[in-house]
Amino acid sequence: MTNLKDNFLRVHSYESGGTVDGPGIRFVVFMQGCPLRCQYCHNPDTWNLKAGKLIPAQDVVDEVLKYENFMSFSHGGVTFSGGEPLVQKGALVPIFEELKKHNIHIALDTAGTTNIDDVTLNLLDNTDLVMLDIKHLVSTEHKHLTGMGNEKTYAFLEVLKQKNIRTWIRWVIVPNFNDSIEYATKFSELVKQYPNVELVELLPYHQHGVYKWKELGLDYPLKDTPEPEKETVKALAKVLEDFGIKTLYAK
Ligand code: SF4
């Protein structure tokens, strides 16, 4: 049994008024720590769990509740993002429980890279929406891109189905890596097996975070990779739509 006063969270930053991290207007908590090393990561400054600010769980709740009225007015809520929020899942459990007492809509922006244990299951009991990143369908390719295979992501997706948790799948489109029509077809076939998946969000790869890699003294591996053309994104979305899957992307 955990409670708020015993828990602390390593937080990178807050953002109020977020409009791209779930429905409505969102308060976003960007958390420290990530087990992945995505080659296109735009937040490499969240990787280190020991960085960021150590904040009492109660303070995180209080910060979210400051925006309670405007979240409810816009049918929004709070989104826990990162980094990988599940790295600190134990501290999130009492935070989610408290926020649910206030009827706050809670979204989790994750790659699902965690073990399925009681803590994960408890957390999901108070999660309204999961935005799950599937970085590549093939485990070896996933490992090439992120440093880890995709087995945990798939196991997480399976639990979301069993618990019938509303899920948005996020697909970051990287040219010459996961942007073919054939890949989109396989993606659609996967998604169709999960009735809890409400839509697929297509996110064109971009280089907005490159300056952070420089600041950290890291070499950016995808510097020669262009951003995908709008027409490509549209064509991939059409494949999903032809399977009857709802899509979300910047037109
Ligand atoms: S999962 Fe997110 S935060 Fe972690 S390395 Fe990948 S893009 Fe960066």
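The values are calculated or read from the model by the stated rules, or taken from the named source; none is laboratory data. Please read these numbers as outputs of a predicted model, since none were measured by experiment. Please note: Cβ atoms are built from the backbone with ideal geometry, for glycine as well, and neighbour counts cover all protein chains shown. What goes into the accessible areas is simple: the full protein's heavy atoms, side chains included, and nothing from ligands, DNA or RNA. Shrake-Rupley method; radii C 1.70, N 1.55, O 1.52, S 1.80 Å.
Only one entry in 249, 205 is crowded, with 17+ Cβ neighbours inside 10 Å and out of contact with any Ser or Thr (no Cβ under 9 Å at 6 or more places or on another chain), namely 249. Considered as a group, the residues in region 103-120 that are in contact (Cβ under 8 Å) with a residue 40 or more places away in the chain and away from the ligand (no atom under 13 Å from the Cβ) include one that is surrounded by the most Cβ atoms within 10 Å (Cβ to Cβ), and that residue is 107.
Just so you know, in region 186-202 the residues that are touching a helix residue (DSSP H, G or I) at 6+ places or on another chain (Cβ under 6 Å) and farther than 19 Å from residue 226 by Cα include one that is farthest from the ligand (Cβ to nearest atom), and it is 188. So is residue 35 closer than 17 Å to residue 133 by Cα, touching a residue at least 40 places away in the same chain (Cβ under 8 Å) and open to solvent by 10 Å² or more (accessible area, probe 1.4 Å) or not? Considered against the rule, which asks whether it is closer than 17 Å to residue 133 by Cα, touching a residue at least 40 places away in the same chain (Cβ under 8 Å) and open to solvent by 10 Å² or more (accessible area, probe 1.4 Å), residue 35 comes out as yes. Scanning region 27-56 for residues that are under 14 Å from the mean Cα position of the chain (by Cα), within 6 Å of the ligand (Cβ to nearest atom) and at pLDDT 95 or above gives 34, 36, 38, 41, 46. Residue count for region 57-102 satisfying the condition of being open to solvent by 40 Å² or more (accessible area, probe 1.4 Å) and under 15 Å from residue 125 (Cβ atoms): 4. Screening the candidates 7, 43 for the property of being of a type in the set (S, T, N, Q) and more than 23 Å from residue 170 (Cβ to Cβ) yields one hit, 7.
Which ones in region 1-32 are part of a helix (DSSP H, G or I) and either of a type outside the set (A, V, I, L, M, F, W, C) or open to solvent by less than 10 Å² (accessible area, probe 1.4 Å) (or both)? Scanning region 1-32 gives 5, 6. Filtered by the rule that a residue be part of a helix (DSSP H, G or I) and open to solvent by 40 Å² or more (accessible area, probe 1.4 Å), region 223-242 gives 230, 231, 232, 234, 235, 238, 241, 242. Does any residue of region 182-192 turn out to be open to solvent by 50 Å² or more (accessible area, probe 1.4 Å), over 19 Å from the mean Cα position of the chain (by Cα) and among the β-branched types (Val, Ile, Thr)? The answer is no; no qualifying residue exists. Applying the criterion of being β-branched (Val, Ile, Thr) and more than 16 Å from the ligand (Cβ to nearest atom) to the residues of region 122-149, the residue that is least open to solvent (accessible area, probe 1.4 Å) is 127.
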